[in-house]
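Working notes for the structure below.
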Amino acid sequence: MKKTKQVQVGLVMGSDSDWEKINAACTALDEFGISHEVHVMSAHRTPEVVADYAKSARERGLKVIIAAAGGAAHLAGVIASHTTLPVIGIPVKTEMMGGLDSLLSTVQMPGDIPVATVGVGSGGARNAGLLATQILALSNASLAKKLELYKEKLVEKIQTKDAKLQEKIGLRG
């Protein structure tokens, strides 16, 4: 029998149409070998499902929850109100305000209900996956080492880009 890896991160989104906007979070988790699950649930249309998910998350082995929603964007806050796990909110870009509405709704949690909020767009979604990775690395030395190597590669990547630019514009020989 094949042993399945314990799911560590739950990613929930308010609508299946959010997937293309936030799947960069899963890509980041995949890069570090972090197991995750993905679900659609709505703070407004399925509040009992959201509450049950959040309340059972720790006993199911989750360590971090990422919640993506647009517009009123209450999903992350509702989840955070039902769990003691870290919750990361991804504000989803909307047509009406380009995601500003989502950002303000996600970041403006009342005192005592913390939600870490990343930026709008694919960079924000990627950062949510990376932040979840950093949280997990607090108790996982192997993962912490992978993050150190990742940061080193980022430096090399930017240095290479700078050298190419300098060559292109003729400032380096």
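The values are calculated or read from the model by the stated rules, or taken from the named source; none is laboratory data. As the structure is a computational prediction, the values presented were derived from the model and not from experiment. We place every Cβ from the backbone using ideal geometry, glycine too, and count neighbours over all the protein chains shown. Remember, those area values only see protein heavy atoms, side chains included, never the ligands or the DNA or RNA. Shrake-Rupley method; radii C 1.70, N 1.55, O 1.52, S 1.80 Å.
Considering the stretch 50-101 alone, what residues qualify as being among the hydrophobic types (A, V, I, L, M, F, W, C) and part of a loop (DSSP other than H, G, I, E, B)? Lay out the reasoning, then the answer.
Of all residues in the stretch 50-101, those among the hydrophobic types (A, V, I, L, M, F, W, C) come to 50-51, 54, 57, 62, 64-69, 72-73, 75-76, 78-80, 85, 87-88, 90, 92, 96-97, 100.
Matches in the stretch 50-101: 57, 62, 72, 73, 85, 96, 97.
Can you find, within the stretch 43-67, the residue that is surrounded by the most Cβ atoms within 10 Å (Cβ to Cβ) among those that are in contact (Cβ under 8 Å) with a residue 60 or more places away in the chain and under 21 Å from residue 92 (Cβ atoms)? Quick ask: steps written out before the conclusion?
Of all residues in the stretch 43-67, those in contact (Cβ under 8 Å) with a residue 60 or more places away in the chain come to 63-64, 66.
Those left that are additionally under 21 Å from residue 92 (Cβ atoms): 64, 66.
Values: 64: 25, 66: 29.
The qualifying residue surrounded by the most Cβ atoms within 10 Å (Cβ to Cβ) is 66.
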Of (1) under 20 Å from the mean Cα position of the chain (by Cα); (2) over 19 Å from residue 64 (Cβ atoms), residue 169 satisfies every one except (1)
How many residues of the stretch 88-101 are within 21 Å of residue 47 (Cβ to Cβ) and either free of Cβ contacts under 8 Å to residues at least 12 places away in the same chain or open to solvent by less than 10 Å² (accessible area, probe 1.4 Å) (or both)? The answer is 5
Given the conditions (1) modelled with pLDDT of 95 or more; (2) within 23 Å of residue 136 (Cα to Cα); (3) open to solvent by 50 Å² or more (accessible area, probe 1.4 Å), every one holds for residue 77 apart from (3)
Restricted to the stretch 134-173 and to residues being small (Gly, Ala, Ser) and modelled with pLDDT of 95 or more, the residue nearest to residue 88 (Cα to Cα) is 137
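Looking only at the stretch 125-136, count how many residues are closer than 8 Å to residue 25 by Cα and buried (at least 24 other Cβ atoms within 10 Å of the Cβ). Please lay out each step first, then the result.
Pass one, the stretch 125-136, residues closer than 8 Å to residue 25 by Cα: 125-130.
If we keep only those that are buried (at least 24 other Cβ atoms within 10 Å of the Cβ) too, we end up with 125, 128-129.
Matching residues across the stretch 125-136 total 3.
Could you check, for the stretch 161-172, whether at least one of its residues is part of a helix (DSSP H, G or I), surrounded by 14 or more Cβ atoms within 10 Å (Cβ to Cβ) and free of Cβ contacts under 8 Å to residues at least 60 places away in the same chain?
First pass over the stretch 161-172, keeping only residues part of a helix (DSSP H, G or I): 161-169.
Subset that is surrounded by 14 or more Cβ atoms within 10 Å (Cβ to Cβ): none.
There is no residue in the stretch 161-172 that is part of a helix (DSSP H, G or I), surrounded by 14 or more Cβ atoms within 10 Å (Cβ to Cβ) and free of Cβ contacts under 8 Å to residues at least 60 places away in the same chain.
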Scanning the stretch 15-42 for residues that are assigned to a helix (DSSP H, G or I) and surrounded by fewer than 17 Cβ atoms within 10 Å (Cβ to Cβ) gives 16, 17, 19, 20, 27, 30, 31
